[in-house]
Amino acid sequence: MATNAGSADASTIETPARIEMIKQLLTSMGVDDHDPKVTQMLLEFAYKYMTDVLKDATVYQEHAQKTDLDLDDVRLAIQTKLNGQFSQPPPREFMIDIAKAKNAIPLPIIRPGVHLPPAEYCNITPNSQVVVKTENGV
């Protein structure tokens, strides 16, 4: 049986170090079973996030008229990203209070029978008019 030198068995293909790092990170967080595409998605997110942060940090560095990019520029870019893109959920107690207030209002009683929207929103209303011509043209 001849083998092609350009092809490799799936078991012999080495995974990139960064993919392995993402897998180890997921494992350390208790995620043992996941779709293999998740690691690729997380890696793409990390690249995009870091690229955006470094671009923003470069803008801040140029605005401050510095010759070199420093840690303060990167910290400012990260803080700006955190404030603008990622939002924290409201506190649990706040959500419980809102739920209690909403649930205190009883639901309306449902009348028996078929319930249709107003006639203008139904397909049963006529949507055309018939014009009858008389002998005198009107």
Of the criteria (1) of a type in the set (Val, Ile, Thr); (2) surrounded by fewer than 10 Cβ atoms within 10 Å (Cβ to Cβ); (3) at pLDDT 90 or above, which one Thr3 fails:
(3)
Out of Ile96, Ile110, Ile105, I need the residue that is outside any loop (DSSP other than H, G, I, E, B), modelled with pLDDT of 80 or more and either over 30 Å from Tyr60 (Cβ atoms) or of a type outside the set (Lys, Arg) (or both). Which one?
Ile96
Selected residue (only one of Gln79, Gln85 is out of contact with any helix residue (DSSP H, G or I) (no Cβ under 6 Å at 6 or more places or on another chain), surrounded by 10 or more Cβ atoms within 10 Å (Cβ to Cβ) and either within 30 Å of His63 (Cβ to Cβ) or of a type in the set (S, T, N, Q) (or both)):
Gln79
Select from segment 33-61 the residues that are in contact with a helix residue (DSSP H, G or I) (Cβ under 8 Å, 6 or more places away or on another chain) and farther than 20 Å from Gln79 by Cβ and list them in ascending order.
His34, Val38, Thr39, Gln40, Leu42, Leu43
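Of the residues Thr67, Thr12, which single one is in a loop (DSSP other than H, G, I, E, B), modelled with pLDDT of 90 or more, among the hydroxyl-bearing types (Ser, Thr, Tyr) and over 22 Å from the mean Cα position of the chain (by Cα)? Give the derivation first.
Values: Thr12 fails: modelled with pLDDT of 90 or more.
One residue alone meets the criteria, Thr67.
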Check whether at least one residue in segment 48-58 is over 28 Å from Ile19 (Cβ atoms) and surrounded by 14 or more Cβ atoms within 10 Å (Cβ to Cβ), and report yes or no.
no
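The values are calculated or read from the model by the stated rules, or taken from the named source; none is laboratory data. Computed from a predicted model, the values in this text were never measured in an experiment. Counting neighbours? That spans all protein chains shown, and the Cβs are built from the backbone with ideal geometry, glycine included.
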